[in-house]
1. Restricting to the stretch B:430-444, and then to whatever is buried (at least 24 other Cβ atoms within 10 Å of the Cβ) and more than 7 Å from chain A (Cβ to nearest Cβ), can you tell me which residue is farthest from A:Ala83 (Cα to Cα)?
2. Any chance you could count how many residues in the stretch B:23-57 are touching a residue at least 40 places away in the same chain (Cβ under 8 Å), out of contact with any Asp or Glu (no Cβ under 9 Å at 6 or more places or on another chain) and charged (D, E, K, R)?
3. Residue under question is B:Tyr384, and the condition is that it be in contact with a Phe, Trp or Tyr (Cβ under 8 Å, 6 or more places away or on another chain), within 24 Å of B:Val261 (Cβ to Cβ) and of a type outside the set (Val, Ile, Thr); does it hold?
4. Across the stretch B:404-427, what is the number of residues that are at the interface with chain A (Cβ under 8 Å from one of its Cβ atoms) and either among the polar types (S, T, N, Q) or without any contact (Cβ under 8 Å) to a residue 12 or more places away in the chain (or both)?
5. Looking only at the stretch A:89-103, decide whether some residue is more than 24 Å from A:Ile47 (Cβ to Cβ), buried (at least 20 other Cβ atoms within 10 Å of the Cβ) and of a type in the set (Phe, Trp, Tyr).
6. Residues that are assigned to a helix (DSSP H, G or I) and either among the aromatic types (Phe, Trp, Tyr) or farther than 30 Å from A:Gly64 by Cα (or both): does the stretch A:187-203 have at least one?
7. Could you tell me which of the residues A:Val11, A:Val46 is β-branched (Val, Ile, Thr) and either over 13 Å from the mean Cα position of the chain (by Cα) or more than 23 Å from B:Lys431 (Cβ to Cβ) (or both)?
8. Condition first: free of Cβ contacts under 8 Å to residues at least 40 places away in the same chain and either among the aliphatic types (A, V, I, L, M) or in contact with an Asp or Glu (Cβ under 8 Å, 6 or more places away or on another chain) (or both). Now tell me which residues in the stretch B:311-320 satisfy that.
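The values are calculated or read from the model by the stated rules, or taken from the named source; none is laboratory data. The model shown is predicted, which means the values in this text are computed figures rather than measured ones. We place every Cβ from the backbone using ideal geometry, glycine too, and count neighbours over all the protein chains shown.
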Amino acid sequence: MLTITNLTATVGDKQILNGTSLTVRAGEVHAIMGPNGSGKSTLAQVIAGHPGYEVTGGSISYEGQDLLEMEPEERAHAGVFLAFQYPIEIPGVSNAYFLRTAYNEVRKSRGEPEVDPMDFLDVMAEKLKVVEMDEAMLQRSVNTGFSGGEKKRNEILQMAVLEPKLAILDETDSGLDIDALRIVADGVNKLRRPDRAAIVVTHYQRLLNYIVPDFVHVLAGGRIVKSGGKELALELEAKGYDWLVGEPATGAVTA
Amino acid sequence: MSSAIDALVAREYQYGFTTDIESDTIPPGLSEDTVRLISAKKEEPAFLLEWRLKAFRRWQQMTEPHWPNVSYTPIDYQATSYYSSPRTKKPLGSLDELDPKIKETYDKLGIPLHEQKLLAGVAVDAVFDSVSVGTTYKEELKKHGVIFCSFGEAVREHPELIERYLGSVVPYSDNFFAALNSAVFSDGSFVYIPKGVRCPMELSTYFRINAADTGQFERTLIVADEGAYVSYLEGCTAPKRSTNQLHAAVVEIVALDRATVKYSTVQNWYAGDEEGRGGIYNFVTKRGKAMTDAKISWTQVETGSAITWKYPSVILQGDNATGEFYSVAVVNNRQQADTGTKMIHIGRNTKSNIVSKGISAGKGQNSYRGQVKVLPKAEGARNYTQCDSMLIGNACGAHTFPYIEAQNNTAIIEHEASTSKIGEDQIFYLKQRGLSAEHAVSMIVSGFCREVFKELPMEFALEAQQLLGISLEGSVG
């Protein structure tokens, strides 16, 4: 589904990604872990197409298409979804209108008819249950004045509505209490299907107790320095990242 | 992000066409003779000619004000023609006799003048250059005692009302442009709602400047008698021309005891090109007087004109009177706007509410200028002002000039202001959810303007939506 090859990217003068390679097949959940500043969020943003990052080399292929040639909204239409680490506030725009617009934009791109506000309420009633959110949430301005936990749940609500093929969760667990964490994880697990995939970017192993990954990767210095199964997350929890950070690249022999 | 903003900013002015029609345009120049000529063409009674001449003499002693935060090359008042009307052979018996070219013009503008096709529940007075070319739904309104006609017709049919109320809110000596208007005003709309009548439909005037090198000086007078209610809409467009044209209008509103007048404007005069060539100078005086328990509410969406200079105001004369001002002003390219309101609290327990949203893009300069004045007898006066600016890009400006003066220590006056910038992150967030960049900007701007848009009557809200390319969430349906 997604093949990232030797990706390099900069923000301003600073090189953040330094030859990242990653392959994600349909049905898989990949966790990306790593210390602060290792490039985890940058990788998530670059896949989504944030204009603040410049891709200087490498490639990303998504379902046979050159993802880097696509506008962010085209990526969204193709089923790429990013749950933001810091969801953005849009004052004066109601959550319901925002969600319906996004939903219809994706439908339109697939040649499906738009859904009117009444029918959309029916769609929402079901999705709200997934994230245990109240309908009152729909009338509030997008993320405006939301608590940290509400913002994260709102991201998962959007994901539940848009049903992406490839969901990228950028530190969605940070700042969540245990109940909110469970809700977020449930939301992700409900979306798991053989034709969908997810990339879960996280600092902590904790989230992976709830969203069990097929693969765990450690990103350090802008490249993946170690990959393994779900047990790698536990090892990281126990040993930290220091033992990996010094390594120049996966498989390289240290002196 | 810049491409999204560029697209929004660079959209073509859709109403810039001209109508090729024979006009009766008087030669440029302004003198007492011009004033007499206009009055004679309109076959006006002596009181009105006298009033015009007093205004003209006063105007000659006045100097053009330069305190607004705008700059432009001086206006040559002798180079403008002060009267232009489409040439007709005889007075029109009905709208069906209207010149098809003019009809076509309004069709193109989306303002249907054929009653069978009309927007449900909106009566329209169409002003083309200096004259009103037609008013719809007149008979229907007459049944309720509502008078809605061109100013010229009102002078002929209801001179007593004109003599009584003309200049009662904006005297001819009020300011330079109001004095000029008083001397040379050509047409406009007149509305009278009798005691206790709730006007059964929205009233609307659509102003169109067509002729080149003419000024448009219309005069609108709305009188809501005791306990009456009316909602009035005003729209404006003009062809694209490389020279500047002056539009110096006056709107007066009289809201007698317990009356409510809601006045909404979508102003879309031609704004000039990217380099600032051409466009309308929109120098307008709008003011209402609210008597006991009366309410006047101004809502404006200002997107056009090279320069906008206007302060729809309310004199809160009677006890418990309410004044409201809701404004969205958008400047782009080299447009300049200096707009706001004045709320003058005279009566006791008078209330005023001001919500101003300024959006600046391109090299536009947007100023909010507002005065809140509480006079000594205005016991318990209350004002709330909210003034928000949004910047799009790095070359524009937003300025705020509040003037607050309280002479009664029971007054409560609040002023809140904010400035924000459309962020790359906001646009990216919406794009990531599948919206195009242009749609994203529209959504952000519409959210910013929501409090004002929800005040607009639905027909106008739709027009404002088209105008700004904005999805109007929350305010319609």
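1. Going through the qualifying residues, I end up with B:Val441.
2. 4
3. For B:Tyr384, the condition - in contact with a Phe, Trp or Tyr (Cβ under 8 Å, 6 or more places away or on another chain), within 24 Å of B:Val261 (Cβ to Cβ) and of a type outside the set (Val, Ile, Thr) - is not met.
4. 3
5. Looking for residues that are more than 24 Å from A:Ile47 (Cβ to Cβ), buried (at least 20 other Cβ atoms within 10 Å of the Cβ) and of a type in the set (Phe, Trp, Tyr), one finds at least one in the stretch A:89-103, hence yes.
6. No, the conditions are met nowhere in the stretch A:187-203.
7. A:Val11
8. Once the filter is applied, which keeps residues that are free of Cβ contacts under 8 Å to residues at least 40 places away in the same chain and either among the aliphatic types (A, V, I, L, M) or in contact with an Asp or Glu (Cβ under 8 Å, 6 or more places away or on another chain) (or both), the stretch B:311-320 yields B:Val314, B:Asp319, B:Asn320.
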